[in-house]
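Okay, structure first, notes after.
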Amino acid sequence: MNIQIYYGKKNFDVQKAERYFKERRIPFQTMDLKKHRLGEREIRLFLTGIGTENLIDREDKRVREHPACYYDRAELLIPAIQEAPWLMKTPLVRNGNQVTLGYQPDIWETWK
């Protein structure tokens with residue numbers, strides 16, 4: 001297993017995800033979106049695995065002011081997310097080609 005936790009800011013769900021993997025002694029990497037620039041392939045994986053509607057944090061006031069909040073096509077969202085990764089909800093937990101959004105230990109238990 002090669003677990004990666006992507007986050008924009010440390011919130012309670014990020015801490016719970018880190019704690020989940022630490023308690024089970026599962027190695028993981030944390031990827032701070034302020035420092036780590038996402039590639040097109042990673043963003044496509046997030047969009048297909050989670051969906052366009054769920055990936056963008058449309059409840060955040062700062063995100064609603066950004067034009068990308070109203071995009072519905074992946075071709076438009078990919079460059080917008082590359083420039084402003086804070087548009088996404090976090091934590092994004094990735095294991096290879098499998099991706100989850102938020103704290104979802106039921107799904108993580110099935111990962112091998």
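Values computed for the structure shown
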{"quantity": "Selected residue [surrounded by 15 or more Cβ atoms within 10 Å (Cβ to Cβ) and on the phi > 0 side of the Ramachandran plot] from G102, G96, G51", "calculated": "G102"}
{"quantity": "Flag if T90 is part of a strand (DSSP E or B) and either loosely packed, with under 15 Cβ neighbours inside 10 Å or among the hydroxyl-bearing types (S, T, Y) (or both)", "calculated": "no"}
{"quantity": "Flag for L76 being part of a helix (DSSP H, G or I) and modelled with pLDDT under 90", "calculated": "yes"}
{"quantity": "Lone qualifier among Y20, Y70 - being buried (at least 19 other Cβ atoms within 10 Å of the Cβ) and more than 15 Å from the chain's Cα centre (by Cα)", "calculated": "Y20"}
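The values are calculated or read from the model by the stated rules, or taken from the named source; none is laboratory data. Note that the structure is predicted; figures quoted are calculated from it, not measured. A quick note on method: Cβ atoms are made from the backbone with ideal geometry, for glycine too, and the neighbour counts reach across all protein chains shown.
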